[in-house]
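*Asks:* Right, I'll just put the structure down here and ask away after.
The values are calculated or read from the model by the stated rules, or taken from the named source; none is laboratory data. Predicted model, so just to flag it, every value in this text is computed and none were measured. We place every Cβ from the backbone using ideal geometry, glycine too, and count neighbours over all the protein chains shown. Protein only, heavy atoms only, side chains kept; ligands, DNA and RNA dropped before computing areas. Shrake-Rupley method; radii C 1.70, N 1.55, O 1.52, S 1.80 Å.
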There are 2 protein chains.
Amino acid sequence: MNEKVTSLQVAERAGVSQSAVSRYFTPGASVSKATAAKVQKAAEELGYRPNVLARAMVSGRSRIIGLIIADLKNQFYPLALELLGRELQERDYQVLVFFAANSTEGIEPVVQKLLDYQVDGIITASVAMSNSLTERCAAAGIPVVMFNRGQDDPRLSSVTTDNVAGGRMAANFLVAGGHERIAHIAGWQGATTGRDRTLGFLDGLRDLGREVFAMEDGMYQREHAAEVARAMFSGAERPDSVFVGNDYMATAVMDVLRFELGLSIPEDVSVLGYDDVPLAAWPTYQLTTIRQPVTRMVTATVDTLLDRIEGNPEPKQIKITGALKIRASARKPKGFTS
Amino acid sequence: MNEKVTSLQVAERAGVSQSAVSRYFTPGASVSKATAAKVQKAAEELGYRPNVLARAMVSGRSRIIGLIIADLKNQFYPLALELLGRELQERDYQVLVFFAANSTEGIEPVVQKLLDYQVDGIITASVAMSNSLTERCAAAGIPVVMFNRGQDDPRLSSVTTDNVAGGRMAANFLVAGGHERIAHIAGWQGATTGRDRTLGFLDGLRDLGREVFAMEDGMYQREHAAEVARAMFSGAERPDSVFVGNDYMATAVMDVLRFELGLSIPEDVSVLGYDDVPLAAWPTYQLTTIRQPVTRMVTATVDTLLDRIEGNPEPKQIKITGALKIRASARKPKGFTS
DNA sequence: ATTGATTTTGCAATCGCATGCAACTTTTCT
DNA sequence: AGAAAAGTTGCATGCGATTGCAAAATCAAT
């Protein structure tokens, strides 16, 4: 029942040495046509396939990429995960997924496990790396690239959109739309993405001689954002517009505004998001948002990682520029082109 | 830079044999307190961790579970994936994810790769297994359990909800609600889930002396479901209710009804879904649906799989009963309790 | 036909760990 | 105290491949 076919058995049946079999399955190795044919025949008959783990042991490369992910609830990440997985698959790497606790802590044991599995590289999505972990990965010679999160450490690669610029775009758009009381429900300020978007947004307002009317951390959580929205928009003088730290929260905010507070969007309040998740395009939300070009981000991530694995040791910090995607959730200034 | 610490180095530093080190890290092996202490100290100082791949080679168990998934767009699956991942992680298994083409074909090479990686078991989510593949996995002694999809083959384990019963519930609910023209936008009829739900629904209607007013395959695709809905509800005599094969399509249908056809839900049309994805509870949709208890499904899946890996060779077909979750997208019959 | 250059091939070592076996220690019991 | 039982330990082997090296075979060129 449990039949394992090894290269040795193939070798015997083909009448060649075990090395020959190995070479046949190693691209670029030296095998004559004659032996190749013999090996192929024997391998086929026996249903032989090389054992990737054994190969990994001696070659030192497992062709496994560890992916750490914290939050699949935010619709941006399933999308990213799928694209990452497919892209790596195409390049003949596989993805070992680890789920981390949402906090910055708690990924310690996860990275440890990852190292135990001898992964060739690590991608972190929406997760921060501590210093000691970066240390350990660097020591083990395992490249790390952070997806959609930045870090100061120059040993780390990262791929993000230009979140500061994105924040600015949001500010410009809302001001141009003639809004007077501009609010901000921020992305989690413990994450670079959240901080940078906020930073850009505030800077943008300031440059236009404005100030934020109200501001609160939404923590990148749906429920938390909803509560913040409730409080923020219940007062007598409510904001006439709000820039929300990501689409996932923005939809929650819209729900609260519409269904709990009876407000119209964009007539009473303009809402801006960040990410452009699929949901944002649905007719219910029609969310105007800063698009993160996820496909390009994924390609950049994979390129960077494989580059480092296959030689080039320099980490890269890549910033892709996002773009405003205008829909119907925010008042559209005259003369603004999507 | 690239420092690999092996058990041998630990052994030397601790002044014991390599076997002792190995035993220290093998739960249940025989080590005295004295050596254990020495090994622990040395291992800690060197930052040693056992190489999982090497262990896999000799023990024959990789503690890797292959997960094949086709569709992360349907919000049910990210959720399932996360739960599966976390549960397996807790039991000290890791998940190697593979993305399959959506079709039934095309998973051939994926399973092949999976076998190459010496996974201890396979979980398929929303994917069907061909006969020859089942054959191969059985031959390799690798248990397979299908998540949210059934199969006739008795060699395969599967975990689903009782989709036939679920379909019946939908029928009962709509009839009890006094609907006259009951329609059905079915789940993909190429999948057992889709077929069974439809089957149960039609049977349920028949038992109540009714017939389906209109019916079409939605293919489990948002866009396709939307088109079907457009056609189905544009005619002069439109349905007054529709049971949709899953929530993912149901939200698309609702969007079409509301935003393209200007219909009210549930006043003009009642909509029923299947799954109870998080989205279904959002105020915009308030979707009445047949809940698939995903946590229990996941637990059952993992239990079944690990059971088979760790000894018990019998495949199991598990059917978990779903339950109607009443919200506001369908007219509520009097006396129906949620 | 002979030599030199180039390819192919097999041998054997290696990767890092687990484990059966035999030798040795310690504990338990009479 | 001595014998039997139980617990530890190290040696040596094997898991299934890759790969450096040297021998053998093929090819090219005189």
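*Asks:* Is it the case that the range B:286-300 has a residue that's hydroxyl-bearing (Ser, Thr, Tyr) and open to solvent by 60 Å² or more (accessible area, probe 1.4 Å)?
*Replies:* Yes; the residues of the range B:286-300 include at least one that is hydroxyl-bearing (Ser, Thr, Tyr) and open to solvent by 60 Å² or more (accessible area, probe 1.4 Å).
*Asks:* Now, a different point. Could you please find all residues in the range A:44-74 being closer than 30 Å to B:Phe76 by Cα, surrounded by fewer than 23 Cβ atoms within 10 Å (Cβ to Cβ) and at the interface with chain B (Cβ under 8 Å from one of its Cβ atoms)?
*Replies:* A:Lys73
*Asks:* State the number of residues belonging to the range B:75-101 that are open to solvent by 20 Å² or more (accessible area, probe 1.4 Å), facing another protein chain (nearest Cβ under 8 Å) and farther than 25 Å from B:Asp247 by Cα.
*Replies:* Residues meeting the conditions: 1.
*Asks:* Turning to a different aspect of this structure: Looking only at the range B:176-192, count how many residues are open to solvent by 10 Å² or more (accessible area, probe 1.4 Å) and assigned to a loop (DSSP other than H, G, I, E, B). If you could, list the steps in order and put the result at the bottom.
*Replies:* Applying the first criterion (open to solvent by 10 Å² or more (accessible area, probe 1.4 Å)) to the range B:176-192 yields B:176-178, B:180-181, B:188-190, B:192.
With assigned to a loop (DSSP other than H, G, I, E, B) added as a condition, the list becomes B:177-178, B:180-181, B:188-190.
The number of residues fulfilling the criteria is 7.
*Asks:* Check A:Arg13, A:Arg23 and return the single one that is out of contact with any strand residue (DSSP E or B) (no Cβ under 7 Å at 6 or more places or on another chain), within 7 Å of DNA strand D (Cβ to nearest atom) and of a type in the set (Lys, Arg).
*Replies:* When all the criteria are applied, what remains is A:Arg23.
*Asks:* Would you mind stating whether A:Thr198 is touching a His at 6+ places or on another chain (Cβ under 8 Å) and open to solvent by less than 50 Å² (accessible area, probe 1.4 Å)?
*Replies:* Details: touching a His at 6+ places or on another chain (Cβ under 8 Å): yes; open to solvent by less than 50 Å² (accessible area, probe 1.4 Å): yes.
Judged against the criteria, A:Thr198 is a match.
*Asks:* Exactly one condition in (1) touching a helix residue (DSSP H, G or I) at 6+ places or on another chain (Cβ under 6 Å); (2) crowded, with 18+ Cβ neighbours inside 10 Å; (3) within 14 Å of chain A (Cβ to nearest Cβ) is not met by B:Val31; state its number.
*Replies:* (3)
*Asks:* Give the residues of the range A:6-24 that are surrounded by fewer than 17 Cβ atoms within 10 Å (Cβ to Cβ) and away from DNA strand C (no atom under 12 Å from the Cβ), sorted by residue number.
*Replies:* A:Thr6
*Asks:* Go through the range A:51-86 and give me each residue that's assigned to a helix (DSSP H, G or I), of a type outside the set (A, V, I, L, M) and within 10 Å of DNA strand D (Cβ to nearest atom).
*Replies:* A:Arg55, A:Ser59 - these are the residues of the range A:51-86 that are assigned to a helix (DSSP H, G or I), of a type outside the set (A, V, I, L, M) and within 10 Å of DNA strand D (Cβ to nearest atom).
*Asks:* Taking A:Ser62, is it farther than 30 Å from B:Ile107 by Cβ, touching a residue at least 24 places away in the same chain (Cβ under 8 Å), hydroxyl-bearing (Ser, Thr, Tyr) and out of contact with any strand residue (DSSP E or B) (no Cβ under 8 Å at 6 or more places or on another chain)?
*Replies:* No; evaluated as a whole, the condition is false for this residue.
*Asks:* Here's another thing I want to ask about it. Of the conditions (1) at positive phi; (2) in contact (Cβ under 8 Å) with a residue 24 or more places away in the chain, A:Gly106 clears all except one; give me its number.
*Replies:* The failed condition is (2).
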